[in-house]
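Each remark here refers to the structure printed beneath this line.
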Amino acid sequence: MTECMLWNHEIVERKPENALVSFEDRGYQFGDGVYEVIRIYDGKFHVLDWHLDRLFYSMEQLAIRPPFTRTEIKELLKRLVAQNNFTADGKLYLQVTRGMQPRDHVYDEELDAIFYATVNKFDQPLEKWENGVRVTLQEDIRWLRCDIKSLNLLGNVLARTKAQRNGFYEPLFYRDGMVRECGASNFYMIKDGTIHTHPANNYILGGITRKKVIKLASELDIPVVEEMFSVEELQEADECFLTATPMEVVPVTHIDENQVGSHTVGPVTRQLQQYYRKRVYDDLE
Ligand SMILES: Cc1ncc(COP(=O)(O)O)c(C=O)c1O
């Protein structure tokens with residue numbers, strides 16, 4: 001654990017008594033807030049601007065008043081890493097809640113948002129990168145604004161817990177017969193050399209890793225189709241993989257009890273995974 005944390009505009013010693021939350025914080029009462037998880041490599045942030053774009057988008061969609069400017073939060077996050085002398089690989093967690101108010105669904109427009117950030121060491125998931133993971137199909141019971149990175153994650157919490165209790169790494173959500181994404185990652189299938197993934201709309205979170213993978217695939221001349229595909233079409237996949245900030249590119253070997261394609265880990269997935277590994281060091285600040 002690191003020694004300092006960001007609590008509103010100050011860097012304080014990382015102790016619970018230094019960052020007390022009121023029982024009337026709307027994040028506590030309603031999950032009324034947003035968050036980001038940003039990967040750190042060698043003490044530097046990966047694609048920080050893309051994460052801040054999404055954070056400001058999430059706040060705007062929920063009409064949360066940003067408690068900082070983009071320049072201010074960048075400076076604060078960099079100071080946090082520096083003050084922790086953090087030069088390792090890790091993850092930054094940043095959350096913003098709408099603020100404090102006597103409990104009422106209807107929010108006051110003038111609230112001062114409350115935020116904190118912590119930095120944690122993160123070991124590379126070598127075993128998952130090498131051997132892949134299993135996912136299990138589950139009906140998507142989440143709300144219809146999955147594009148907002150909201151704190152309100154009950155649908156994901158229930159689904160991921162059920163999946164992991166049953167020996168799967170992730171639930172693979174479907175809605176109306178169409179494959180959407182996983183509980184905390186985006187999902188892709190490869191068919192005849194083309195990558196298929198759900199369009200970035202309200203049914204999924206527009207992943208930052210997804211955005212980078214699409215860019216890298218184009219550099220490798222691997223076609224990407226951002227269109228929905230059905231659970232039936234998924235059965236014909238040659239390869240599958242998932243992406244998320246902490247995990248990068250992880251092969252999916254099984255969907256429920258069925259092996260994907262004829263390889264344990266397919267060649268296109270491996271190529272992309274290795275290229276992604278190499279290219280994370282290009283976008284650090
Ligand atoms: C539901 C969901 N989809 C996709 C992702 C992947 O997003 P990113 O690549 O920005 O980490 C996440 C990450 O937490 C997620 O929670």
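Could you tell me how many of the residues in region 7-35 are surrounded by fewer than 21 Cβ atoms within 10 Å (Cβ to Cβ) and either among the aromatic types (Phe, Trp, Tyr) or in a strand (DSSP E or B) (or both)? Walk me through it before giving the result.
Quick first cut of region 7-35, residues surrounded by fewer than 21 Cβ atoms within 10 Å (Cβ to Cβ) only: 7-25, 28-31, 35.
So of that shortlist, the ones also either among the aromatic types (Phe, Trp, Tyr) or in a strand (DSSP E or B) (or both) come out as 7, 10-13, 23, 25, 28, 30, 35.
Adding up the residues that qualify gives 10.
Do we have any residue at all in region 211-228 that's within 12 Å of the ligand (Cβ to nearest atom) and touching a Ser or Thr at 6+ places or on another chain (Cβ under 7 Å)?
Yes, the conditions are met somewhere in region 211-228.
Just give me the residues in region 156-209 being away from the ligand (no atom under 14 Å from the Cβ), surrounded by fewer than 16 Cβ atoms within 10 Å (Cβ to Cβ) and either part of a loop (DSSP other than H, G, I, E, B) or in the same structural domain as ASP53 (by TED's automatic domain parsing) (or both), in sequence order.
ASN166, GLY167, ASP176, GLY177, ASP192, GLY193, listed by residue number.
Conditions tested, residue by residue: (1) touching a His at 6+ places or on another chain (Cβ under 8 Å); (2) open to solvent by less than 10 Å² (accessible area, probe 1.4 Å); (3) part of a loop (DSSP other than H, G, I, E, B).
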{"site": "PRO251", "(1), (2), (3)": "no, yes, no"}
{"site": "GLY261", "(1), (2), (3)": "no, no, yes"}
{"site": "VAL265", "(1), (2), (3)": "no, no, yes"}
{"site": "VAL268", "(1), (2), (3)": "no, no, no"}
{"site": "GLN271", "(1), (2), (3)": "no, no, no"}
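In region 128-155, which residues are within 11 Å of the ligand (Cβ to nearest atom) and touching a helix residue (DSSP H, G or I) at 6+ places or on another chain (Cβ under 6 Å)? Working first, answer last.
Step one: list which residues in region 128-155 are within 11 Å of the ligand (Cβ to nearest atom), which gives 140, 142, 146-150, 153, 155.
Hits for region 128-155 are ARG142, ILE148, LYS149.
(1) under 30 Å from MET5 (Cα atoms); (2) polar (S, T, N, Q); (3) away from the ligand (no atom under 13 Å from the Cβ); (4) open to solvent by 70 Å² or more (accessible area, probe 1.4 Å): which one isn't true of ASN120, the others all being true?
(4)
Condition test on ILE148, is it open to solvent by less than 20 Å² (accessible area, probe 1.4 Å), in a loop (DSSP other than H, G, I, E, B), more than 30 Å from GLY266 (Cβ to Cβ) and in contact with a Leu (Cβ under 7 Å, 6 or more places away or on another chain)?
Yes: the conditions hold for ILE148.
The values are calculated or read from the model by the stated rules, or taken from the named source; none is laboratory data. Everything numeric in this text was worked out from a predicted model, so none of it was measured. Cβ atoms come from the backbone with ideal geometry, glycine included; neighbour counts cover every protein chain shown. When the accessible area is computed, the model is the full protein with side chains, heavy atoms only, and any ligands, DNA or RNA have been set aside. Shrake-Rupley method; radii C 1.70, N 1.55, O 1.52, S 1.80 Å.
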